[in-house]
1. Cα atoms only: what Rg and Dmax, in Å, come out for region 70-164?
2. What is the set of long-range amide H partners of GLY379 at a cut-off below 5 Å, with H atoms built 1.01 Å from backbone N?
3. Roughly how many nanometres apart are two label points built 7 Å out from the Cα toward the Cβ at SER611 and ARG539?
4. What are the lysines whose alpha-carbon lies under 21 Å from the alpha-carbon of LYS83, with same-chain residues fewer than 8 places away excluded?
5. Dipole of region 190-282 (Lys/Arg Cβ +1, Asp/Glu Cβ -1, origin at the Cα centre): which of VAL219, LEU232, VAL255 lies farthest to the positive side?
6. Taking square-rooted eigenvalues a ≥ b ≥ c of the alpha carbon gyration tensor, is region 87-127 rounded, prolate or oblate, where a/c under 1.5 means rounded and, failing that, a/b exceeding b/c means prolate?
7. Classify region 480-587: rounded, prolate or oblate, from the alpha-carbon gyration tensor (a ≥ b ≥ c, eigenvalue square roots; a/c under 1.5 rounded; otherwise prolate if a/b is larger than b/c)?
8. Starting from the alpha-carbon convex hull of region 355-403, give the projected area averaged over all orientations, in nm².
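Readers should treat all values here as calculations from the given coordinates under stated rules, not as data from a laboratory. Model, not experiment: these values are computed from the prediction. No Cβ is skipped: glycine too gets one built from the backbone with ideal geometry, and neighbour counts run over all protein chains shown.
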Amino acid sequence: MVERNSRTAPEGASLDETHAQLLIDSIQDYAIFMLDPTGHVASWNPGAQRLKGYTAREVLGRHFSLFYPPSDIVAGKCEMELKGATEHGRFEDEGWRIRKNGERFWANVVITAMRDSSGQLVGFAKITRDLTERRKAEEYLRRSEERFRLLVDSVKDYAIFMLDTDGRVMTWNPGAQRIKGYTSEEVIGQSFSRFFPDEAVAQGKPWDLLGEAASNGRVEDEGWRVRKDGTLLWANVTLTAVYDETGKLRGFSKVTRDLTERRKVEERLRRSEARFRLLVSSVKDYAIFMLDTDGRVVSWNDGAVNITGYSAREVVGEHVALLYTPEDVARNTPALDLDTAKQEGRFEKETWHLRKDGTTFWASQLVTAVYDASGTLVGYAKVMRDLSDQKRAEDERLRLAHAEEAIRMRDEFLSIAAHELKTPLTALQLQLQSLREPLEGIEPRMRARLERALHSTERLADLVEKLMDVSRLSSGQLTLKPERVELLTTVRDVVERLRETALDAGCPVHVVGEQPIEGTWDRLRVEQALTYVLANAFRHAAGHPIEISVSQEGAEALVIVSDQGPGLPEKEMHRLFVRFERAASMRHHGGLGLGLYMTREIIEAHGGSISATNPPGGGARFTLRLPTKAPDTVPPQE
């Protein structure tokens with residue numbers, strides 16, 4: 001509840017004084033109260049209580065500094081205001097004041113000195129108005145204007161400025177200075193007609209634009225404008241009429257954008273489109289890019305970008321020779337291609353071309369001479385198609401066909417040779433063996449020759465058997481006859497059969513294995529594979545011991561053959577098990593490289609694998625893995 005003014009009209013007060021007091025008490029939007037000469041509150045109206053929050057009982061007799069922030073009190077502002085009112089009759093100020101609840105509010109304050117009839121100071125009348133909301137609105141507007149000013153000043157690509165109603169420049173932003181060349185000092189107050197060419201000024205265009213903007217609210221125009229240095233720019237201009245709150249025209253906002261580069265690009269594009277139409281009308285197969293009469297690129301499409309890697313910006317204006325290989329450039333091929341197209345009307349071929357990244361691609365190219373309506377040569381349409389994938393596929397197909405034919409012919413020859421040799425070799429072996437007993441008493445040297453001859457025929461027979469196996473593999477005739485086999489015993493049997501060969505090679509063989517390992521394999525083929533691996537070791541690790549380790553890992557049996565010889569040539573590792581591939585590199589060791597190839601075929605036919613490495617300690621190591629269970633692809637035993 002608002003307490004009424006503690007000062008009531010005294011008895012005998014005039015009617016006017018009573019009415020004045022009632023008027024003051026009825027005012028709610030202003031704090032109207034009296035201060036004594038020392039600044040203490042002497043009266044309090046309801047408006048003061050509403051603004052400041054104090055009742056008359058709480059505030060009467062207290063110093064009016066109660067309503068000021070501590071910083072103002074320390075600065076002596078209260079005393080300064082009373083002094084100003086005393087000396088000048090009144091004092092007016094705006095600033096922050098404090099309500100009873102500690103809240104700040106922005107106040108307009110008028111302090112008026114009150115004197116009696118003798119001129120003696122009797123106190124002060126103080127009127128306070130809360131302007132907090134108005135200040136907020138003003139601050140918001142100020143910040144908005146500041147943000148707008150910063151926005152306008154930060155724009156560098158647009159000239160944004162104000163004109164008065166007569167077309168004189170009132171403001172100037174950095175974008176305007178950058179585009180037009182004038183500083184704000186040079187242009188503010190000047191007519192905006194200075195930005196127009198003389199002929200436009202003579203025609204009255206600047207004022208026509210102002211009139212249209214005033215009539216319609218805005219006008220937009222594109223045309224030539226003049227910079228400070230006299231150069232022309234193609235500008236997009238928007239003029240907007242600016243009115244105040246009463247609807248009165250106060251001037252115009254002007255936004256100018258420099259479109260000179262865009263206009264140049266558009267002009268180039270227009271010319272390029274005309275050339276492109278000529279290209280389309282001339283080339284019936286593919287339309288890709290256009291060359292001028294000197295062979296320089298004047299248009300470029302997306303397909304050309306994808307194939308060559310060059311963007312239009314990089315290649316337009318460059319000679320087409322940059323797409324040719326250095327060898328073709330040295331032979332003057334680019335010029336010859338164009339000359340042929342000029343002479344014959346068109347020229348087509350397939351050849352290598354060059355990408356931006358330096359890689360080559362096989363391209364089908366069609367060059368067509370392009371003439372205008374008068375029959376004048378205006379350039380060339382060049383069509384290219386990347387055929388690299390097709391060429392690679394064709395080259396690979398031919399390579400494989402040649403390789404298959406060579407293998408077929410070699411296998412056929414070897415098969416025929418093996419069959420032709422097998423019968424006489426068998427007869428020769430039998431004849432030599434039959435001579436052993438009758439010649440027991442012959443001279444030792446003759447007997448040694450007989451043994452060497454018998455050994456050579458055995459090796460030759462072994463080679464023939466290998467060749468026949470190769471033939472069977474090539475024709476898909478290699479079959480397995482699986483049975484239950486104990487691998488450790490099989491390995492020892494093979495080593496025992498090869499004992500004399502091992503002694504001749506100086507290669508003692510040691511078998512390592514503790515537990516029997518059973519599996520379903522073709523015993524003869526497994527023995528054959530082991531024989532090939534050991535024969536390879538005897539040949540290339542002669543004079544060094546050989547160890548065979550037999551073990552089991554899960555469902556696989558492992559046979560590891562290790563020697564202490566010179567090891568395997570690293571560059572040959574990738575083709576150790578390839579048919580005939582080792583012949584050239586191993587020729588000085590003898591053999592055709594069939595043994596390891598046959599070993600791989602046998603092991604893989606069982607569903608296993610073979611690998612070769614050079615262990616860190618030296619020598620060579622072959623690892624054979626055989627599944628203990630026969631694979632589904634193995635034919636049943638016959």
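1. 20.7, 71
2. For GLY379, the qualifying residues are VAL370.
3. In this crude spin-label approximation the distance works out to 2.4 nm.
4. Answer for LYS83, where 21 Å is the Cα cut-off: LYS126, listed by chain and number.
5. LEU232
6. Taking the square roots of the gyration eigenvalues as a ≥ b ≥ c, region 87-127 is prolate.
7. Note, shape of region 480-587 comes out prolate.
8. That works out to 5.3 nm², a quarter of the Cα hull's surface.
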